[in-house]
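The values are calculated or read from the model by the stated rules, or taken from the named source; none is laboratory data. Please read these numbers as outputs of a predicted model, since none were measured by experiment. Here Cβ is always computed from backbone atoms with ideal geometry, including for glycine, and neighbour counts include all displayed protein chains. Side chains are part of the model used for accessible areas, which takes the heavy atoms of the whole protein and leaves out ligands, DNA and RNA. Shrake-Rupley method; radii C 1.70, N 1.55, O 1.52, S 1.80 Å.
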Amino acid sequence: MSAPGKLQKALDWFDSRLPIITLMKHSAVEYPTPKNLNYWWNFGSLAGFMLVVMIATGLLLAMQYTPHVDMAFDSVERIMRDVNYGWLIRYLHMNGASMFFVVVYIHIFRGLYYGSYKPPREVLWWIGLVILLLMMGTAFMGYVLPWGQMSLWGATVITNLFSAIPVVGDSIVTLLWGGFSVDNPTLNRFFVLHFLLPFAILGVVVIHVWALHTVKSNNPLGIDVKGPQDCIPFHPYYTVKDLFGVGVFLIVYCVFVFWYPDALGHPDNYIPANPMVTPPHIVPEWYFLPFYAILRAVPDKLLGVLAMFAAILILFALPWLDSSKVRSGTFRPWFKKAFWLFVVDCFVLGYAGAMPAEGVWITIGRIAAVYYFVHLLIVLPLLSRFEKTLPLPESIGTPVLKQTVMALAFLALFAVSGPAFATGSAPLRHQDWSWQGVFGTYDEAQLRRGYQVYREVCSACHAMKLVSFRNLSRLGYTEDAVKEIAASYQVVDGPDEAGDMFDRKGLPSDRFPSPFANDQAAMASNGGALPPDLSLIVKARMGGPDYVFSLITGYAPQPPEHDLPPGKYYNTVFAGNAISMPPQITDGTVEFTDGSANNAEQVARDVTAFLQWAADPELEERHAMGVKVVLFLFVATALFYALKRRIWAAVH
Amino acid sequence: MLNSQLFQQVPHVGVTTGEGMAEHPIKQTSTTRRDFLFYAATAVGVTGAAVAVWPFVDSLNPAADTRALSTVEVDLSPIALGQAITVKWRGKPVFIRRRTEGEIAVADAVKMDDLRDPQPDSARVARPEWLILVGVCTHLGCVPLGQKPADPRGDFGGWFCPCHGSHYDTSGRIRKGPAPANLVVPQYTFLSDTLIRIG
């Protein structure tokens, strides 16, 4: 007996006792799939792929993360700075959340257009909505974990939604918090739930697929499969097509991860959580914006919350709101128009949700919110009664629809840039920085000059708690030079045998020492204003390096009409134009050891470069890896596409 | 033989259809090209997935801040003759004992045949006066006793592990009990007469 024969026998032996191989074969190989599915059907498998990516990256992050209010923020920064490839795993996870929602929203809109919620797929649709709700809860709690300003205040605002419930609302909120505000118990339980829920999602996904395989896939024509001639086996046709889809998707995903990792987040979340100060503009993550806009559209607290929840819950009734017998929008001329109007409405809601709740945006938000419900509650029921639909084709076999790659264009639509909030400040002075662009790198000499500026000027008031002396080797210093620099600082250590703290020379493994013993001391020495820690300042400000550069060089004589409080300085860029920091950098402030020009502009540019490096030390590694990864993905995706065409040649 | 087996796994269009599903004739043109494509795509896909696993695995290795702490400098000047101190290095205790003439002589005099893990005392110290050991029993990782004056030092005047009864001598060599090897001598250098760097 040959070896494969023996193996087959062993597999049969196992399968007859636990038919897992038969199960896999039925559901992933033989599963009869309509042969006319277009690329919009790729997003289901993409969502499954993203769930796996999120669980894998999330598990590794959880192994490094500390769910404690005093340590959470720093533990995330440790992942970014010290854990091997930690920045990659965290950026994959962080951007993965956005990608997951992009994919799932497209998947949902595909279902809406092709009537995938209609009989016999109502339960399948419901289970999908349950997954969406679980995802929203998971994403919200995940965003709390880094314990930045947006984490804390997002958690505060969202949990306060429940206080709208009459009578028991406040008790429920206290129960959610485990205290009298969002604090350590809240963070702890959110961590536990954020860890647990993805596995709940995984379970519900299995049920989703079970329901799908019971009622079978819908298709772009929306007509029932007439017989086996309309179907092809899932493998190899759709496995290879899904593989190609994963390739294309990964390229988009990786562009974000390697070049725009923070584009979909908020700079405020790089400021450690502070329960005493709310950021000026609280905005949820983009994927919640349409619902947030509906919440804000209603001027009553309870009704607003109800409207927001209703916006999702109403989708459960969709199979009855739209009772048209024709599933696919392709054969419903008016439905098609209404559908796209609804898509536009959702984008308008999203945009309005990102805007400050003032002026014209309130009106626009309200109109869009009302239309959201009008579409679902009035337009769809009326259309299903009065619309004259086009004749349906006899069978799937007759016309195989032309496939398009419009999905990509749709993806691009989602890339909404964060809106900048003007506060009467001057526009930023945009500079050409060496680290921008696909291959951008730091200029070591510039970083060393910037470090000199920080040390001689900024460090008198500003700490950089997240940077260690050993990190300076990335500025081109040798190991001995780093030791020498470290030894030139005094750091507090201890306690010694007598229980006293003592000063010693710095070691490469020490962090930069702070100029003040604590925040209170820092404020007392600076007229009541706390000089912010500069480790993450570039990431923590809208506009990044351009903002920091513009601020440093943004001092101007006080205009006569401008009222300046005592102890403040006039700055054209700073919000409110009154800043506590006196102008620090003038021509010749620093005498560069390498003899470079030391006019104020140059000094400001150099120190900004150093601060950029301090906030984003892994940038060069990220760009270099990104180029390799994306090139590889192009090759792999091209191969998958060629293989897909080969395999599908017989069907077309 | 191997080749033909591999070829059987190539998806044959039109053959692997389920119950009565549409059968499509295999296109007779250039099956070799499909085979090549299949192998190339599989190879690239598998390679990509395998390489992508590495960053995830490597994230579990010691992080840069942990690695930066992997050396520690110890000032020896406060340690009196016959005294021992314990310092922490890589999360483990390191025993530093300033040995007396008598302890050194005893350690030197031991015959190699009496040792389970034969090693002369001279091979375990840079300067005979200073014995520097990782204070972790080589049996199952407990910390042996013998650092404090009142501690039991075992039958050989060195250290005694209370977990399973291993006895170490004044050179930190295993003499009795279940441990298979001598206490480990960490890598260290004398930066001056009174300063060492461990690691």
For A:K6, state whether it is surrounded by 13 or more Cβ atoms within 10 Å (Cβ to Cβ) and either more than 10 Å from chain B (Cβ to nearest Cβ) or over 21 Å from A:V144 (Cβ atoms) (or both).
no
Residue satisfying all of: in the stretch A:548-596; of a type in the set (G, A, S) and not in a loop (DSSP other than H, G, I, E, B); farthest from A:N526 (Cα to Cα) among these:
A:S550
Across (1) touching a helix residue (DSSP H, G or I) at 6+ places or on another chain (Cβ under 8 Å); (2) within 14 Å of chain B (Cβ to nearest Cβ); (3) of a type in the set (A, V, I, L, M), A:A650 clears everything bar (1)
Would the stretch A:91-107 turn up any residue that is within 14 Å of another protein chain (Cβ to nearest Cβ) and open to solvent by less than 10 Å² (accessible area, probe 1.4 Å)?
yes
Confirm whether B:Y188 is surrounded by 15 or more Cβ atoms within 10 Å (Cβ to Cβ) and under 21 Å from the mean Cα position of the chain (by Cα).
yes
Evaluate the following for A:Y85: is it buried (at least 20 other Cβ atoms within 10 Å of the Cβ), over 17 Å from the mean Cα position of the chain (by Cα) and closer than 24 Å to A:R622 by Cα?
yes
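Report whether or not A:Y117 is more than 14 Å from the chain's Cα centre (by Cα) and either surrounded by fewer than 22 Cβ atoms within 10 Å (Cβ to Cβ) or touching a residue at least 60 places away in the same chain (Cβ under 8 Å) (or both).
Spelling it out, A:Y117 is indeed more than 14 Å from the chain's Cα centre (by Cα) and either surrounded by fewer than 22 Cβ atoms within 10 Å (Cβ to Cβ) or touching a residue at least 60 places away in the same chain (Cβ under 8 Å) (or both).
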For the stretch B:31-62, name all the residues that are within 28 Å of A:W648 (Cβ to Cβ) and either away from chain A (no Cβ under 11 Å) or among the aliphatic types (A, V, I, L, M) (or both).
B:T32, B:L37, B:A40, B:A41, B:A43, B:V44, B:V46, B:A49, B:A50, B:A52
Reported set for the stretch A:485-537 where residues are part of a loop (DSSP other than H, G, I, E, B), in contact (Cβ under 8 Å) with a residue 12 or more places away in the chain and farther than 30 Å from A:D268 by Cβ is A:S488, A:Y489, A:G506, A:L507, A:P508, A:S509
Give me the residue from the stretch A:241-274 that is of a type in the set (D, E, K, R) and outside any loop (DSSP other than H, G, I, E, B) and, out of that set, nearest to A:W435 (Cα to Cα).
A:D268
For the stretch B:146-160, which positions are in contact with a Gly (Cβ under 6 Å, 6 or more places away or on another chain) and aliphatic (A, V, I, L, M)?
none
Identify the residue in the stretch A:23-75 that is among the polar types (S, T, N, Q), open to solvent by less than 30 Å² (accessible area, probe 1.4 Å) and not in a helix (DSSP H, G or I) and, among all such residues, is farthest from the other protein chains (Cβ to nearest Cβ).
A:N38
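For (1) basic (K, R); (2) on the phi < 0 side of the Ramachandran plot; (3) within 11 Å of chain A (Cβ to nearest Cβ), each residue gets a yes or a no:
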residue: B:A64; (1), (2), (3): no, yes, yes
residue: B:A68; (1), (2), (3): no, yes, yes
residue: B:K92; (1), (2), (3): yes, yes, no
residue: B:D114; (1), (2), (3): no, yes, no
residue: B:P118; (1), (2), (3): no, yes, no
Do the conditions hold for A:I647, that is, is it buried (at least 18 other Cβ atoms within 10 Å of the Cβ) and closer than 30 Å to B:V46 by Cα?
yes
